[in-house]
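Participant: Can you read through this structure? Questions will come right after.
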């Protein structure tokens, strides 16, 4: 599956995450986080899990994390992708 | 709606009493309300007083302020989120943000990256290395030699533009020609670009580009599109010129910028004067070429538009290239002429 439209989900408030997805030829994941040094790898793994689950092959996924827990990150990513029309 | 005990108010844009209240609030934060604003968000407390605000003009976030008493609660994050979501709904994904230089860190946290700053203004965008990757991807020859540049709207492309490009191209080895991408002119951006492409394709050392959001766009040079005489003096063009120098000129090795002399438009004239002052700081020469004249009048795109409104196609034929003339006579071209005639009638 490919991301064909732009979409966002989440907020920039503390303990939340703002996810932006855009069309892109390759699959790119960009991560910014207040806890980047501690958890960048975990965040990336969480995002990848959702991408695998939904079968996303390409698109630019930008994560601006404000300290969200795992399930929040996954829910936000899933919402953004589905908003981008990626559930077909 | 409720956020931390504050109510959210939306205006597209605000008018009347609410607008006056917002202007007052911004004044306290030493900001001027921008008349071009299309969408505003306020957070309001139980007494109806504004505690935080932010606004959107096309793809530009501006006039963001939080009352002094309520700082540190993350209200600006809420405002920026709401503005970004609204912009995204409108299909605008490349966003810019105007603020004061002291707010750099705060907005960096919200996913914005610095493009450039002057003494009082900081311009940011929501793409990491956005401008760097843009200028890096511009096409250019391997052997550049002396490099010149022209930035023009070409609304539409005339023999005057053709003359300027020819003259400039003969004075350097490589000429980069940027056609404004902003869709604010009566000729659509794609049409303007196409007409220029057809009109200069025989000049081998000319490289044509879309100016994108970074040159003379509503993000970097909002007043350009107002064209109001009273505002010409304070046309806020320094940002635009510095972006041209810092990013475009450095990346492409531009040492000359060509402009046509500007007898008509006060804003363009102020812009040229500002370039004369600022470009030498970066080792770039501003070359002002006299306009080509046809008979007694200087050729200009505004003259073409005037004649289109009047239906003077014999006149137009003498001052535009054949490619442009063919477009003007097409159905699309006739529709634009009609629109111009209606505008003229209203004025």
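Every number in this text was worked out from the coordinates using simple rules, so none of it is lab data. This structure is a prediction, so every number in the text was calculated from the model and none was measured. Neighbour counts run over all protein chains shown; Cβ positions are idealised from the backbone, glycine included.
Participant: Quick one: Debye curve from the C-alpha atoms of segment B:7-129, no solvent, what's log10 I(q)/I(0) at q = 0.10, 0.15 Å⁻¹?
Facilitator: Ignoring solvent entirely, the Cα scatterers give -0.27, -0.63.
Participant: For chain B, compute Rh as the Kirkwood radius over C-alpha pairs and then the Stokes-Einstein diffusion coefficient at 25 °C and 0.890 mPa s; write the answer in µm²/s, rounded to an integer.
Facilitator: Once the numbers are plugged in, D ends up at 112 µm²/s.
Participant: Based on the Cβ-Cβ distance from residue A:69 to residue B:36, what FRET efficiency comes out when R0 is 56 Å, to the nearest 0.05?
Facilitator: Using R0 = 56 Å, I get an efficiency of 0.85.
Participant: May I ask for the distance between the Cα centers of segment B:158-193 and segment B:258-287, given as a whole number of Å?
Facilitator: 16 Å
Participant: I've got another one for you. Tell me the mean residue ellipticity at 222 nm calculated for chain B from its helices only (DSSP H runs of n ≥ 4, each -39500 (n - 2.57), averaged over every residue, nearest 500).
Facilitator: -10500 deg cm²/dmol
Participant: From Cα pairs below 8 angstrom and at least 6 apart in sequence, can you work out the relative contact order of chain B, rounded to a whole percent?
Facilitator: 12 percent
Participant: Using only alpha carbon positions, build the gyration tensor of chain A, then give the equivalent ellipsoid semi-axes as the square roots of 5 times its eigenvalues, largest first, whole angstrom.
Facilitator: 20, 13, 11
Participant: Pairs of alpha-carbon atoms within less than 8 angstrom and 6+ residues apart define the contacts here; what relative contact order does segment B:136-293 have, in percent?
Facilitator: Once divided by the residue count of segment B:136-293, the mean separation gives 25 percent.
Participant: Could you check the simple spin-label distance between residue B:201 and residue A:38, using points 7 Å along Cα→Cβ, in nm with one decimal?
Facilitator: 6.1 nm
Participant: Would you work out the relative contact order for segment B:1-66, in percent, from Cα pairs under 8 angstrom that are 6 or more residues apart?
Facilitator: Relative contact order for segment B:1-66 comes out at 31 percent.
Participant: Further question: Any idea what the alpha-carbon Rg over 2.2 N^0.38 Å comes to for segment B:136-293?
Facilitator: Taking the Cα Rg and dividing by 2.2 N^0.38 Å, one obtains 0.96.
Participant: Turning to a different aspect of this structure: Quick one: of the DSSP bridges fully inside segment B:85-174, what percent are antiparallel, nearest 5?
Facilitator: 90 percent
Participant: Another question about this same structure. Between residue A:1 and residue B:119, how many nm apart are label points set 7 Å from Cα along the C-beta direction?
Facilitator: 5.4 nm
Participant: Also: Simple spin-label model, 7 Å along Cα-to-Cβ: residue B:313 to residue A:52 in nm?
Facilitator: So the label points at residue B:313 and residue A:52 sit 6.6 nm apart.
Participant: Another question, then. If I take all pairs of Cα atoms in segment B:243-340, what percentage of them are more than 22 Å from each other?
Facilitator: Counting pairs separated by more than 22 Å, the tail of P(r) holds 48 percent.
Participant: Determine the equivalent ellipsoid of the protein assembly as shown by diagonalising the alpha-carbon gyration tensor, then write out the semi-axes as square roots of 5 times the eigenvalues, largest first, rounded to whole Å.
Facilitator: Whole-Å semi-axes of the equivalent ellipsoid: 42, 26, 22.
Participant: Related question: To check you understand DSSP bridge types, tell me what percent of the beta bridges within segment B:136-293 (both residues inside) are antiparallel, rounded to 5.
Facilitator: 0 percent
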